[in-house]
1. So the check is Cβ under 8 Å with 6+ separation or different chains; which pairs have a first residue in the stretch 680-699 that's farther than 16 Å from Val564 by Cβ and a second one that's among the hydrophobic types (A, V, I, L, M, F, W, C) and at pLDDT below 95?
2. Within the stretch 171-200, take every residue that is surrounded by 15 or more Cβ atoms within 10 Å (Cβ to Cβ) and of a type in the set (Phe, Trp, Tyr) and give me the one that is farthest from His94 (Cα to Cα).
3. Taking the options Thr685, Thr665, name whichever one is in a loop (DSSP other than H, G, I, E, B), assigned by TED's automatic domain parsing to the domain that holds Ala795, within 16 Å of the ligand (Cβ to nearest atom) and of a type in the set (S, T, N, Q).
4. Being touching a Lys or Arg at 6+ places or on another chain (Cβ under 9 Å), open to solvent by less than 10 Å² (accessible area, probe 1.4 Å) and either over 24 Å from Gln662 (Cα atoms) or part of a loop (DSSP other than H, G, I, E, B) (or both): is that true of Ile567 here?
5. Tell me which residues, restricted to the stretch 419-447, are surrounded by fewer than 23 Cβ atoms within 10 Å (Cβ to Cβ) and hydroxyl-bearing (Ser, Thr, Tyr).
6. Please go through the stretch 779-788 and give me each residue that is open to solvent by 10 Å² or more (accessible area, probe 1.4 Å) and closer than 22 Å to Gln717 by Cβ, ordered by number.
7. In this structure, does Leu334 turn out to be crowded, with 23+ Cβ neighbours inside 10 Å, within 16 Å of the ligand (Cβ to nearest atom) and not assigned by TED's automatic domain parsing to the domain that holds Thr673?
8. Restricting to the stretch 375-388, and then to whatever is of a type outside the set (S, T, N, Q) and crowded, with 21+ Cβ neighbours inside 10 Å, can you tell me which residue is nearest to the ligand (Cβ to nearest atom)?
Amino acid sequence: ENKSNTSGSHQYTEREDSRTGLSVETLKKAISNNLFYVQAKYPEIATRNDYYMALAYAVRDRLLQRWVASVKQYIQGKERVVSYLSAEYLLGPHLANNLINLGIYKEVEQACEELGLNLDWLIEKEVEPGLGNGGLGRLAACYMDSLATLEVPAIGYGIRYQFGIFEQDIRDGWQVEDTDNWLRRGNPWEIARRELSHDVKLGGHIQHYIDRSGKFCSNWIPELVVKGVAYDTPILGYKVNTANTLRLWKSEAPHSFDFQSFNAGEYNNAVNQKIICENISKVLYPNDEQREGKILRLQQQYFFVSCSLQDMINIHLNQGEKIEDFDKKFAVQLNDTHPAIGVVELMRLLMDEHLLDWDTSWNITTKTFAYTNHTLLPEALETWDLELFGSVLPRHLELIYEINRRFLDFVTVRFFGDNQKISNLSLIGEGKRKHVRMANLACLGSHAINGVAALHSDLLKKTVLHDWYELSPEKFSNKTNGVTPRRWIVLSNPNLTKLISEKIGEGWIKDLEELRGLEKYADDPEFQQAWMKVKLDQKKALAKKIQKRLGVKVDPESMFDIQVKRIHEYKRQHLNVLHVIALYNRIKKNPDLEIVPRTFIFAGKSAPGYRKAKLIIKLINSVGEVVNNDPDVRGRLKVVFYPNYNVTNAQKIYPAADLSEQISTAGKEASGTGNMKLSLNGALTIGTLDGANVEIRECVGEENFFLFGLTADEVAQTKAAGYKSKEYYESNAVLKEAIDQINSGYFSHLDVNTFKELTDSLMYDDQYLLFADFQSYIEAQEKAAEAFKHKEMWAKMSILNTARMGKFSSDRSIKEYCDEIWKVKSVPVEIDSIKIIEK
Ligand code: GLS
């Protein structure tokens, strides 16, 4: 009965279970069964979505054994578990990723084929969960993948937003937002744990009293109680048994109906409370790196953090452990300050609910938390108006006062007389209105603080967190970001994966440093050709999509010059546009000029309320309209804005890039992760010495990177010396011509006002030093164009980029977090420990 057969890359037994079997036959049966038993359909009437669901459930069934075994092992074991607290997870579609991590892609492809289905067609049907804004949320997703792949026990906690990041459409060149109703057709990847919920208090007041033993006690009488219900999604590691849990909380009313109001005829009031409660997890705030001081945002943060901490305490106590040992069970990472309220919430739970004393509680709290900072932008540093904060979290405000009182007593002695420093460190900021400073709370409540790239970690110590660094230098470290090679090469670039693996085997998928084995083929003409063929095929595929989506024909042989990321002034998409205009004007003056044909591809969302970012999108589209349709250009330049940038689209775009635009003002981009994905897929970078670009350039070699622009130090000096952008405009004819042309209405049907706000800000308040970096950027672009003409040289540079990017795997980042911050180790999961199906 147990005789083994080999099919593809894995073993299976002849009589497999229909729920877990991995052979083509069993997979076929499972898909057909699900179509009937889950979707209640038969082939003649089944829709594409029915088939997608049938397949998704078949794949999920095959994860369950690993998932249940992993959970069991963690719950029974004594190992320390990582708890990642993040308000955002930008996971991307699950199906193809799970097929790869399970190692059954080929089998499922064949099963589908034999059923007359096309796997790609089903994969494309999945609506991705867009529960994040950009890099920060995507990083959390890459880290979850690496934690599972490295077999580290971990739980990701977050919010199950009913509506994720909005869908972007472009109308008349402008961004328009549409709601992201990702749950519309159901979500086969999650399991609703209706029985697993926690109550979260909001508002109200505090009663103080002395109990019988003479202890001073606090009782929080809330205005509102919200229920958080757990929704779990398995996160499977690559070809391991470990499947960790992503637990997202949905907010609900504890009782769905107020019958008293209903009976009294107050129908609206009767349902009101339900609506208020459900609103908390309703929608993701669509701002990246911009704080939103709204009450609902604070409620969201507190809601998910409180549910998560209560959940961890439950898990810990259910193991028969003592509450005093909480920090031995959980290492909690704060993904930015969004969950920083956790510091106070854990204090409250330990003291008010579990009756520990202050010192014991504070000791546990600081040993539990660690904090990652993701930005230097002052507008992103979270603060909460004190009054608003107190109205939502009255007990927490009391605790913050007490934490701060004790802390300031200490600091006053330590920095005696330095009142500025003492006031900088305070958890409460003064100014026009008093406010709670979340970064200070995160720093004080954590035993470790890190930045996300070497330069960023360094600047943190020198600027925004300088006083904290002086106070506790031992807390600070750098953990350079990374990305998962599973999604960002294996899944999104299968042809490149095949080519690489043919040369150096498959080991690189788990140990990305092995890519270095490609270096020795960088000069090999045959390999270069194969390499560039893969690139060309990816470009053709993207060209097809562009044609279909936008009706713009682009030349796959042209240089694909790509800038894809959130739209922000500091990321300087408009600097890129100025280069496009400069090239266009060169052609207009001399239509027969020899120039390297380029396709400029932009994609990215703007925060809906960020006017200048929206204007940048309009500018890109307006310039595109003129350039793409001018007969003098003869198709040598094309400008494309690909709408609705998300994980799904990114997977199609990165593999097709020749040139990667990483052109932020030095000192502004904390790390960037798109820069890593592009270079890994063989794009050459044109970039500033900002964020992780610095380390990328070090790794790939300066001769394989087009560097330009001021350094972070020079940016600071230039500003301090009284930077006047207008002087650059006056003295640079190309720049002047481009700006004047925009202002003349050349790109806006002669309307001189369309882009005025943008050009005025560049002329009179160029905070991000576009004009200062313009000339240097143009020169670097010329070098890139020159290099592109030499096909062999370009191929070699491209191969070397991929070969030397091994450092930027999220596996490397996660290992550093595990060893240096969390002190956790791998715990391989025994799958035999679970017997699910009784025969
Ligand atoms: C960000 C930074 O802007 C990025 O540079 C960084 O790569 C990312 C992940 O660390 O975090 N911070 C933020 O608020 N959004 C981001 O993308």
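The values are calculated or read from the model by the stated rules, or taken from the named source; none is laboratory data. Computed from a prediction, not measured in an experiment: that's the story for all the values here. Positions of Cβ are generated from backbone atoms using ideal geometry, with glycine treated the same way; all protein chains shown enter the neighbour counts. These accessible areas exclude ligands, DNA and RNA; they are computed on the full protein's heavy atoms, side chains included. Shrake-Rupley method; radii C 1.70, N 1.55, O 1.52, S 1.80 Å.
1. Final answer for the pair search is none.
2. Trp182
3. The conditions single out Thr665.
4. Yes, satisfied.
5. Ser423, Ser426, listed by residue number.
6. Scanning the stretch 779-788 gives a single hit, Glu779.
7. Yes: the conditions hold for Leu334.
8. Top of the filtered list is Leu376.
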